[in-house]
Amino acid sequence: MEGLNLKDAGLDNVVDLSGAEQFVNSEIIVSGNHNRIVIGQGATLVNVRMQLLSNGNRVEIGPGCRITAALIMKQVDNNSIVIGAGTTIGGCNFICGEGSSISVGSDCMLAWNLEVRTTDSHAIIDVATGERINPAADIVIEDHVWVGAHATILKGSHIGRDSVVSIRSVVTEKFYEPGLVIGGAPARKLRSGISWRRPLLG
């Protein structure tokens, strides 16, 4: 497909790109087995780097999305990234591991230089017990969420619908209430009872 370099070195993988409108300078590398990638109707992928290096992973990009991102799944099997219809992403690293999931709702607007990760990638150990204390955890971003530039969303985070995450925030907690402005490092609730609109001002 024009604008896409696809390398599938695994077994029994499903890569359904039939609905995509356009690929620009993008690459999909699949080296694991039993993975599933589905790109929705009318979606556009620009400078996307997708690496599925383990088994049983799922990537679904909804209809009408326009995305610039890196999506990485490696080492541990059965991870998933699902992005809802009409969502736009200006530039984000998605890192999903240890059998975890990232769910981004419909009509979200994610800016650029973002990081969304379910795993720390390396173990932190309690010296007294020898046990690992930093397991992976799922991330949920509900419908119609705006995430400002340079933000980081870490494992276990949940952001309620119609919310705004301010620039350079680090989200580490669950914010179930809809219509919040959250910000800071770590992020906290700054205001409630809001929504936002996509058209540019000025």
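Each value in this text was obtained by applying a stated rule to the coordinates, not by laboratory testing. Source: prediction; values computed, not measured. Cβ coordinates were reconstructed from backbone atoms using ideal geometry, including for glycine residues, and neighbour counts include every protein chain displayed.
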(request) Quick one: check the C-alpha center-to-center distance for the stretch 1-69 versus the stretch 96-161, whole angstrom. (result) 21 Å
(message) Using a 7 Å offset from the Cα along the Cα-to-Cβ direction at both N134 and N93, what is the distance between the two label points in nm, to one decimal?
(response) 1.4 nm
(message) Between Y176 and E60, what is 0.36 nm times their sequence separation minus the Cα-Cα distance? Round to one decimal in nm.
(response) 39.4 nm
(request) Would you mind getting me the FRET efficiency between S31 and L200? Use the beta-carbon distance for r and R0 = 41 Å, nearest 0.05. (result) 0.50
(request) Over the chain, calculate the relative contact order: mean separation of alpha carbon pairs under 8 Å at least 6 apart, over the residue count, as a percent. (result) 11 percent
